[in-house]
C-alpha cells in the first residue's frame, strides 16, 4: 500500500510538472516576438486588403458597367430564387469554403511546426 501511495504521488507530481511546463510553453509562445510580428503583419495585411476592396467597390459602384452588372445580377437572383439552383450553389459554396479552411488549417499547422523548430535552439534545455 505504501508503494501505491508513492506511485500515485509520483504520477501526480509528474502531471503537475507537465501542466506547469505546458503552461510555461504556451506563455512563452504567446509572448514571443515572432507571434507579435505575425499578429502585426496579419493585422496590417487585413487592413490593406479591406482598404483596397472598399476602394474598388466604391469606384466600381458608380461606373456604367457596374450598373449593368447590378441589373443583370438582380435578374439572375430573381431567376435563381425561382429555381432549385440555390441549393446546388449553396452546397458548392459550402464545399469550397470547407476546402479553403482545410487548406488554411494545414498551412497554419506547418507554420506552427516551423515556429516551434525555430524556437528550440534559442531556449535552454528543460531540467
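Read the figures in this text as sums done on the coordinates, not as results from a lab. Note that the structure is predicted; figures quoted are calculated from it, not measured.
Taking each residue as 0.36 nm, the span from residue 31 to residue 61 lengthens on full extension beyond its C-alpha to C-alpha distance by 6.5 nm. Once the Cα-Cα distance is subtracted from the 0.36 nm per residue extended length, the residue 47 to residue 72 segment shows a gain of 5.9 nm.
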